[in-house]
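Asker: My questions will all concern the structure given below.
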């Protein structure tokens with residue numbers, strides 16, 4: 001893997017994670033509860049992701065520039081990684097879909113929330129899903145977490161990044177409803193999480209995982225909305 005993230009940049013990704021997953025959501029909840037008629041949930045979430053995206057470039061800007069240079073130096077390899085990654089995702093997703101159905105897990109809770117917010121402001125939610133969240137989440141889970149652990153243990157990097165990314169998308173439901181069974185929904189995110197790590201490793205540039213994430217989210221949004 002060509003990307004060589006520095007310790008200071010790993011700390012930057014950790015700070016981004018803390019702000020993005022803990023502080024900002026808490027602030028959004030407070031604002032939405034206190035001023036429900038002033039701003040919509042969709043608008044709040046759009047501002048939230050815009051802020052996190054700006055922070056990603058502030059905290060990891062030099063890393064992202066180096067990674068973009070790596071992408072430009074190996075465009076053909078990046079395209080191959082994206083194509084193979086998409087085929088791998090389709091195979092893994094079919095297998096996990098059958099597993100989820102067999103276990104009787106309802107995986108639509110996150111989609112339902114996005115559809116509800118899209119009803120308030122579709123344009124902002126599409127921009128959030130397709131452009132903003134891939135940059136923020138790849139900086140956290142691939143550049144910071146996967147890249148930081150990879151230099152010490154490749155298997156651990158995959159396992160921890162996949163688990164963290166999957167749980168990140170569902171933990172709030174388990175906390176909100178006081179039901180740990182919601183964590184099982186995270187199984188549905190394993191195929192995408194694995195492939196995002198794989199294309200990053202194969203291409204050597206986090207921008208390839210960002211572009212894959214954008215394509216994946218665009219596909220998901222097109223199906224949902």
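The values are calculated or read from the model by the stated rules, or taken from the named source; none is laboratory data. The structure displayed is predicted, hence computed values, not measured ones. So basically every Cβ, Gly included, is an ideal-geometry build from the backbone, and we count neighbours across all protein chains shown.
Asker: Among the residues of segment 28-49, is any more than 17 Å from residue 114 (Cα to Cα), at pLDDT 85 or above and under 21 Å from the mean Cα position of the chain (by Cα)?
Answerer: No: segment 28-49 contains no residue that is more than 17 Å from residue 114 (Cα to Cα), at pLDDT 85 or above and under 21 Å from the mean Cα position of the chain (by Cα).
Asker: Condition check: surrounded by 21 or more Cβ atoms within 10 Å (Cβ to Cβ) and more than 23 Å from residue 18 (Cβ to Cβ). Does residue 193 satisfy that?
Answerer: When the stated conditions are applied, residue 193 does not pass them.
Asker: A follow-up question, please. Which one is surrounded by the most Cβ atoms within 10 Å (Cβ to Cβ) among residues in segment 11-26 that are within 13 Å of residue 172 (Cβ to Cβ) and touching a helix residue (DSSP H, G or I) at 6+ places or on another chain (Cβ under 7 Å)?
Answerer: Of everything passing the filter in segment 11-26, 20 is surrounded by the most Cβ atoms within 10 Å (Cβ to Cβ).
Asker: Something else: Considering only residues that are crowded, with 16+ Cβ neighbours inside 10 Å and closer than 19 Å to residue 173 by Cβ, which ones fall in segment 33-48?
Answerer: 41, 42, 44, 45, 48
Asker: Further question on the same structure: With respect to residue 162, determine if the residue is in a helix (DSSP H, G or I) and farther than 28 Å from residue 6 by Cβ.
Answerer: In short, no.
Asker: Does residue 34 meet the test of being free of Cβ contacts under 8 Å to residues at least 24 places away in the same chain and out of contact with any strand residue (DSSP E or B) (no Cβ under 9 Å at 6 or more places or on another chain)?
Answerer: Yes, satisfied.
Asker: Could I ask something else about it? With buried (at least 16 other Cβ atoms within 10 Å of the Cβ), modelled with pLDDT of 95 or more and over 20 Å from residue 85 (Cα atoms) as the only criterion, which of 160, 149, 125, 187 stands out?
Answerer: Criteria check complete, one pass: 149.
Asker: Among the residues of segment 200-209, are any surrounded by fewer than 24 Cβ atoms within 10 Å (Cβ to Cβ), in contact with a helix residue (DSSP H, G or I) (Cβ under 7 Å, 6 or more places away or on another chain), assigned to a loop (DSSP other than H, G, I, E, B) and in contact (Cβ under 8 Å) with a residue 40 or more places away in the chain?
Answerer: yes
Asker: Something else: Would you say residue 138 is over 18 Å from the mean Cα position of the chain (by Cα), in contact (Cβ under 8 Å) with a residue 60 or more places away in the chain and within 25 Å of residue 41 (Cβ to Cβ)?
Answerer: No.
Asker: Suppose we filter 114, 103, 71 for residues that are exposed (fewer than 13 other Cβ atoms within 10 Å of the Cβ) and in contact (Cβ under 8 Å) with a residue 60 or more places away in the chain; which single one remains?
Answerer: 103
Asker: Tell me whether segment 212-220 contains one or more residues that are out of contact with any helix residue (DSSP H, G or I) (no Cβ under 8 Å at 6 or more places or on another chain), in a helix (DSSP H, G or I) and loosely packed, with under 15 Cβ neighbours inside 10 Å.
Answerer: Yes: segment 212-220 contains one or more residues that are out of contact with any helix residue (DSSP H, G or I) (no Cβ under 8 Å at 6 or more places or on another chain), in a helix (DSSP H, G or I) and loosely packed, with under 15 Cβ neighbours inside 10 Å.
Asker: Within segment 119-127, is even one residue in contact (Cβ under 8 Å) with a residue 40 or more places away in the chain, closer than 18 Å to residue 48 by Cβ and not in a helix (DSSP H, G or I)?
Answerer: Checked segment 119-127: at least one residue is in contact (Cβ under 8 Å) with a residue 40 or more places away in the chain, closer than 18 Å to residue 48 by Cβ and not in a helix (DSSP H, G or I).
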